[in-house]
Structures are given as C-alpha cells and as structure tokens.
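What follows is a set of notes on a single structure, which appears directly below.
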Amino acid sequence: MYRQSNSGNKIVYSVLRCVVLLLCVLLICQASPEPPNVDQREEDIEALPEETVHQHHADLSKDTGKTQGEEQKNSAESVVHAEDKSDKPVSPEPPPVAESELTPQQKQAQELFSKGEALINSTFVQDYSQAYLYFQQAADLNHTRALEYVSFGYLFGDYLPQNITKAKEIFEDLSLRGHPRGQLGLGFLYGAGFIFNSSQARSLVYLTFSALGGEPLAQMALGYRYWSGVGVEMKCETALTHYKKVAAKVADAVSISGGPTVQRIRLQEEAESQSGNSPLLDDDLLQYYHFLADKGDVQAQVVLGQLYYQGGRGVPVNHEQAHHYFLIAAESGNANALAYLGKMHSEGSPVVKQSNHTAMSYFKFAADKGNPIGQSGLGLMFLHGHGVEKDPTKAFRYFTLAADQGWVDGQLQLGILYFSGIGVRRDYKMAVKYFNLASQGGHVLAFYNLAQMHATGTGVLRNCHTAVELYKNVAERGRWSEMLMDAHRLYKDGHEDSAVIKYMFLADLGFEVAQSNVAYILDRVTSVFVSGETHQFPQYETYQRALLHYTRAASQGSTIARVKMGDYHYYGFGTEIDYESAATHYRVASEQQHNAQAMFNLGYMHERGLGLKQDVHLAKRFYDMAAETSMDAQIPVTMALVKLGLFYGSEVFSKEFDGYSKMVKGLDPRLFLGPDWDLYLITFLSLVLGLIILLRTVR
C-alpha cells in the first residue's frame, strides 16, 4: 500500500509540474508578442578547426573590393572567432512591413528616424543635437525605435531636458511591446531605486528578458552580476556566456584605426592631482601645438595628425585636420606621417578616397625608412593581396620587423599568423606570446583573441575566470564607453545630478571607473536632482549608496575604493563603526596595492590600539613604510613620529622615575585639549610654519 500511494503521488506531482510549466509559457507569450528565439543551452566553445581557417582566407582572396580595415578585422575573427549562428539571439522586432503597407504617418515617422540615425551612425561627422530633434518628431508619431532613443535621452538628459518620470513611462510602454531597450531601462530604474523602490529581483527579471532579446548592455549587466555575485549566485560560466556575446559585437566593429580613444578618468584622482596632469588636453596646450605646427614644427604636425585621426584626450576625431597635418609633415619626409597617410588611404574616409595603390606607395616610403607602422601596413597588403600579389611569407617578414620595434599591429598580426599557420608553422605558444604583447599595447582584438583562447583552452589551460576578465575588457571598449566622457563633461560643467545618473548606469554594467566616480560624488552630496525635483536623501542612506559602489569598485581592484571602505568602517559612514574591518581593508590596500595612505592609517591604529594591538614599534614601522612609498607622506609621517616619540618618551620617563609620575601626568595634553590634542598641535605648528614663511617672503 505504501508503494502504491507513493507512485500515485509521483503521478500527481508530474501532472502538476506540466500544468505549471504550461502556464509559465502562456504568461511569457502574453508578455512578449514575439518572444526571442534563443537557445538557452550554451554549446561548449571549441577551437576553430584548421581547415576552417584556411577556407576563410581562401574566401578573402576572392573578394578584393573590401577595405584593408575590414580584412584586418576578418583576419582576427578567423583566428579564434567561430561564432555559432544558433547562439545569436533573434531580434524581437516584427518582420519589416512592405513599403506599400505603411500608412502615410508611418512613412513619415520612418523617414524622420532614418535621417536621425544617419546623423549619429556616421563614422566621421556626427550631429546628435539635430538627430534627437528627428527622433523626437518620429517618437511623437509612435515610432518604436525613435522612442528607444528618446527614452534614454530623457533618462540622461542627452540633448533633451532630463525627465526620469517621462523616461519611465516610455520604458514601460516599450516593455509592454516586448522591446529589449525598454526592459533595459526598467531594469536600471529598479536596480538603482529611482522612481521605484529598489528591487534587485525585478531588475534581474527585466535585464534577463532584455538580454534574451539581444540587447548588449543588458548582457553586460548580467555578465557583471554573475561574475561578481551581485544579487545572484556567482557563476563564471554564465558570465562567460553573456560577456562573450557582447565582446563578439565589439570585435566585429573594430576598424584598422581602432576607433576613438576613451579616457577613463577617476574624479578623486583628478581632484587630488597637484601636478595638473589632466588626462584631457588643455585648450591652451592644443592651441600651442597648432601654433608650432603652423610654424613648421614637424613633430607638432605629427602629434596633431594623430590626435585628430584617432581622437582622445578630449579631442574629437577630425580626419580633414588629420590629413592636412600628415600631408605637411610627409612633405618633410616624416616616416610616421607617411605611414598614417597609408592607413587613411587603405581605409578611406570622406576626406580621402580608398585606394590600395596609393596606400601601398605611402607604406613603401615609410617602410624603407624603417618605420614599424609602414612595415605593418605593407604586411597587411601582402597578406590580403591588396594592390599587390598575395604573399604570406613576405607579410610574415614585415610583421616581424614591425613587432620587433614594439608596434602593436605587427604583434597582433604575428599572433594571428602563428595561430592560423599562414606563412609560418602553426605555433599556439608563439600566438599567445604575441597576443599578450599586443594586449599590453591596448589592442582590442588582442584581448579578444586571448579571451577566445582561454575560453576554449587552445594553447593554454582553460581558465574561465581569465577568459571572463578578458571578454569584460573587450566589452567595455564598445561604443557605449563614450558615455564615460559624456558623464565627465557633465560633472565638470557643474551638472552633478545628470553625471551621477549616467555614472550609475555604467556602474551597473560593471565599469569600475563609473563605480568609483558614483561613490565619490555621493560622498560629497546628499541630494540628487530627479524629474525636475531635488530628492534629498538621508545622509546615512547616501553613505550606504556610496559604500555599496566603493565595495564593488574595490572588488575590481580599485586601491582608492579599498582605502575609502576602510574609512567608512572607521568613522561609521553608512555602517556601524568597526575598527577591525577598517584595519582589514587598510591591510589589503597596504599589502596588495602598496598604498601609502593605508600604511599611515595602520600605523595610527597600532599607535592608538584601535582594532589592532597597541604596539609602538609596529606603528613606527608602518609610518616609515608610508614615507618610503610616497614622497607626499613624508611630512605627515615626520610629524606623527615626533608626536609618537614625545608621547611615549614621557611614558617611559614616568615609569623610570616614579616620583615624577604625578608631575608628568599633570602635563598630559589630553587633560587640557582632549583625545584629539594632536590635531590641534599639528594645526598650530602649521600656522606657525606658514607665518615664518610669510615673514621671510616679506623680507
């Protein structure tokens, strides 16, 4: 009887499970009219077979019309990028409606949207202000893609007045239509606690549906959550799956020039910098370079050409200016200018027409002068047969010459040849070597290729953690990384409220710099301007938010964030006072990251016996280490050691001479000035020192 009853229960349970699963499927179908056809079972990543590599390069030889930038990207992909078509999420967009079926209003909306998208997708000349005017007009006509742009414009205040409430309404509308961008926006709002009460569970649900719809930013957010365990259990393989998809899209978009350079500016480091070495180029310095270049300084001409060619340091890409200065420098025979002119002609732009013959000539002139950029360019021409007969052996020789001089493109291409066995015997160890060298130079495709090799265990032991870190590095170099510069510009212009929201969005995607900057801003303000109103947070809640972002940044290796975590536990900001936890964070920053501030703090805690054993000798040791680590710490350390010597010298004296102990205790400054007497003494001595300097200056 017992067995029969148990068997009957199993049948009932099985039927109930089927019913529950069926209800879940029906609910999902109702939420999304056309759910993305995504295979949730990820296939194991396998190394690219040899015949696939050779077939890919055979196909390249048939298509001689592609630009050199496209060929370089395809070569990198042929090495380690074997993307399974079934892994690519199907867009939730409905099939395009035939032009004849569109209503006049829909046609007008589509025309406006196309005009706006053309303005922002241009590689060289972009006009976001005009583009958002078109998007807003198309959104008023209920154009879905335009609504996506407008919603994030309202969220960040990009070319539209910031209005998070209106952004939320559009996100909800888009989400009901099943669009990933709307789900992404709601996921951020729920996670950050803007408009809605913070709910990590709801945020995770919206981000998951958005990622299934193919939204790369949602995939990044999920990858970071599963990698660091934010709101979910840490799962390296799941993080690998999400980051791999985003990294593949970023690698596909890489051109021969590599795209504009994005500066990652930490606000606290910028504020504490006394030398004025800003990562952004000062306008006066830029004008000075222009002055020198116009006077015939070849070096200044090349520097300006490179700045305008690649962008960076706050200088926008301007190929017309770049071509102008490269031409002037090339007339003087400068090899770098000749090589860059070759790169411009190999790619083509609105300024210069794509021409393999012209590019070959410039590369040849530069290579004859021993220039590594020209040698690498010639290698690409021979590798792909552009303007010359294909010759992998010659390509290998030119790449070797360029790599021996430390040129990153030469190192990348050598890694590709060694991996593929083209022009040289296949050697995975040599491929890893050159990919590592190219990654040290910051080449995106080098990081991507290394990630693929670590993910598949090709030439190296398979390491999920290393592969995720490399994929994450590539994913954070996508076009969306330009938002870091936008947020910094907003902050410098005094729009801290808009800046902190944009930084918070990037922080959710896993950008360590954004996490540090959010915490830094929240550490200094207690209110955020949202939807036309200033939302005053309780100071304790603001500190809690700051501590959360400092914690996430510290887990990614930020030294400043680690020290700030110690400060928050020491002073009880956003948490209870915990000297032992503070000492733990200071010790990590001291031992692993050699931070002078952390060493000084450990010395002080040993001196006072706060969270650590009171030990004068250990205190002196940490003070000395701080002075040796940083020149800036020498003056505070000297004053701390003087105080340490006087205070503990008096204690030793009182122990040796018992008769004078009462007199010595009566002179204890803590009786007159309290436990913080040393701060008053330091302030007094600083004022005296300043007065002396002032008097000497007057004389």
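Criterion first (closer than 30 Å to Thr466 by Cβ and part of a helix (DSSP H, G or I)) does Leu417 satisfy it?
yes
Checking the structure you have, find out if any residue of the stretch 141-163 is in a helix (DSSP H, G or I), in contact with a strand residue (DSSP E or B) (Cβ under 7 Å, 6 or more places away or on another chain), open to solvent by less than 40 Å² (accessible area, probe 1.4 Å) and modelled with pLDDT under 95.
The answer is no; no qualifying residue exists.
What are the residue pairs meeting all of these: first residue in the stretch 379-397, first residue at positive phi, second residue open to solvent by 60 Å² or more (accessible area, probe 1.4 Å) and not in a loop (DSSP other than H, G, I, E, B), Cβ atoms under 7 Å, and 6 or more apart or on different chains?
Gly387/His357
Any residue in the stretch 129-149 that's at positive phi: show its pairings with residues that are at pLDDT below 95 and open to solvent by 70 Å² or more (accessible area, probe 1.4 Å) at Cβ separation under 9 Å, as long as the two are six or more apart or on different chains.
If the second residue must be at pLDDT below 95 and open to solvent by 70 Å² or more (accessible area, probe 1.4 Å), the pairs left are Asn142/Gln105; Asn142/Gln106.
For Gly157, all conditions in the list (1) of a type outside the set (Lys, Arg); (2) over 21 Å from Leu490 (Cβ atoms); (3) in contact (Cβ under 8 Å) with a residue 60 or more places away in the chain hold save one; what is the number of the exception?
(2)
When the residues of the stretch 376-425 are narrowed to those that are under 22 Å from Asn336 (Cβ atoms) and among the aromatic types (Phe, Trp, Tyr), which ends up least open to solvent (accessible area, probe 1.4 Å)?
Checked the stretch 376-425; the qualifying residue least open to solvent (accessible area, probe 1.4 Å) is Phe399.
Here is a list: Tyr325, Tyr289. Which entry is farther than 30 Å from Val424 by Cβ, surrounded by 15 or more Cβ atoms within 10 Å (Cβ to Cβ) and at pLDDT below 90?
Going through Tyr325, Tyr289 in turn, just one is farther than 30 Å from Val424 by Cβ, surrounded by 15 or more Cβ atoms within 10 Å (Cβ to Cβ) and at pLDDT below 90: Tyr289.
Criterion first (at pLDDT 90 or above, of a type in the set (Gly, Ala, Ser) and farther than 27 Å from Ile577 by Cα) does Ala619 satisfy it?
Spelling it out, it is not the case that Ala619 is at pLDDT 90 or above, of a type in the set (Gly, Ala, Ser) and farther than 27 Å from Ile577 by Cα.
Condition first: small (Gly, Ala, Ser) and in a helix (DSSP H, G or I). Now tell me which residues in the stretch 513-527 satisfy that.
Ala514, Ser516, Ala519
If you check Ala139 against the conditions, is it touching a Leu at 6+ places or on another chain (Cβ under 6 Å), over 20 Å from Ala487 (Cα atoms) and small (Gly, Ala, Ser)?
Criteria met by Ala139.
Within the stretch 573-585, is even one residue open to solvent by 20 Å² or more (accessible area, probe 1.4 Å), touching a Phe, Trp or Tyr at 6+ places or on another chain (Cβ under 9 Å), within 14 Å of Met625 (Cβ to Cβ) and part of a helix (DSSP H, G or I)?
no
Among (1) open to solvent by 10 Å² or more (accessible area, probe 1.4 Å); (2) under 34 Å from the mean Cα position of the chain (by Cα), there is one condition Gly305 misses while meeting the rest; what is its number?
Failed condition: (1).
If Leu437 satisfies all but one of (1) touching a Gly at 6+ places or on another chain (Cβ under 7 Å); (2) closer than 26 Å to Lys245 by Cα, what's the number of the condition it fails?
(1)
Can you find, within the stretch 523-548, the residue that is modelled with the lowest pLDDT among those that are open to solvent by 10 Å² or more (accessible area, probe 1.4 Å) and under 26 Å from Tyr224 (Cα atoms)?
Of everything passing the filter in the stretch 523-548, Glu541 is modelled with the lowest pLDDT.
Listed here are the residues, each with its yes/no results for (1) open to solvent by 50 Å² or more (accessible area, probe 1.4 Å); (2) under 19 Å from Asp567 (Cα atoms).
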| residue | (1), (2) |
| --- | --- |
| Ser590 | no, yes |
| Asn601 | no, yes |
| Met605 | no, yes |
| Leu610 | no, yes |
| Met625 | yes, no |
| Pro636 | yes, yes |
| Met639 | yes, no |
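Which number in (1) surrounded by fewer than 22 Cβ atoms within 10 Å (Cβ to Cβ); (2) in a loop (DSSP other than H, G, I, E, B) marks the one condition that Gly510 misses?
Of the numbered conditions (1) surrounded by fewer than 22 Cβ atoms within 10 Å (Cβ to Cβ); (2) in a loop (DSSP other than H, G, I, E, B), the odd one out for Gly510 is (1).
Which of the helices (runs of 4 or more DSSP H) contained wholly in the stretch 315-394 include at least 1 residues that are among the polar types (S, T, N, Q) and closer than 30 Å to Asp486 by Cβ?
In the stretch 315-394, 319-331 are the helices (runs of 4 or more DSSP H) which contain 1 or more residues that are among the polar types (S, T, N, Q) and closer than 30 Å to Asp486 by Cβ.
Report, by residue number, each residue of the stretch 352-375 that is open to solvent by 20 Å² or more (accessible area, probe 1.4 Å) and aliphatic (A, V, I, L, M).
If the condition is that a residue be open to solvent by 20 Å² or more (accessible area, probe 1.4 Å) and aliphatic (A, V, I, L, M), then Met360 is the only one that fits.
Every residue in the stretch 477-502 that is outside any loop (DSSP other than H, G, I, E, B), open to solvent by 30 Å² or more (accessible area, probe 1.4 Å) and among the charged types (D, E, K, R), please.
Within the stretch 477-502, Arg479, Glu482, Asp486, Arg489, Lys492, Glu496, Asp497 meet the criteria.
Would you check if there is a residue in the stretch 222-229 being of a type in the set (Ser, Thr, Tyr), modelled with pLDDT of 95 or more and open to solvent by less than 20 Å² (accessible area, probe 1.4 Å)?
Within the stretch 222-229 (the criterion being of a type in the set (Ser, Thr, Tyr), modelled with pLDDT of 95 or more and open to solvent by less than 20 Å² (accessible area, probe 1.4 Å)), the answer is yes, since at least one residue qualifies.
Can you say whether Val474 is at pLDDT 90 or above, open to solvent by less than 30 Å² (accessible area, probe 1.4 Å) and more than 21 Å from Gly191 (Cβ to Cβ), as far as the supplied structure shows?
yes
Applying the selection to the stretch 365-405, what residues are farther than 14 Å from Ile422 by Cα and among the acidic types (Asp, Glu)?
Scanning the stretch 365-405 gives Asp368, Glu389, Asp404.
Output the number of residues of the stretch 184-240 satisfying the condition of being among the polar types (S, T, N, Q), part of a helix (DSSP H, G or I) and more than 19 Å from the chain's Cα centre (by Cα).
Final tally of qualifying residues: 5.
Within the stretch 427-440, identify whether any single residue is part of a loop (DSSP other than H, G, I, E, B), open to solvent by 10 Å² or more (accessible area, probe 1.4 Å) and among the small types (Gly, Ala, Ser), and answer yes or no.
Within the stretch 427-440, none of the residues are part of a loop (DSSP other than H, G, I, E, B), open to solvent by 10 Å² or more (accessible area, probe 1.4 Å) and among the small types (Gly, Ala, Ser).
The values are calculated or read from the model by the stated rules, or taken from the named source; none is laboratory data. Every value quoted in this text rests on a predicted model; they were computed, and no experiment measured them. Quick reminder, even Gly has a Cβ in these numbers, built from the backbone with ideal geometry, and neighbours come from all protein chains shown. These area figures cover heavy atoms from the full protein model, side chains too; ligands, DNA and RNA do not enter into them. Shrake-Rupley method; radii C 1.70, N 1.55, O 1.52, S 1.80 Å.
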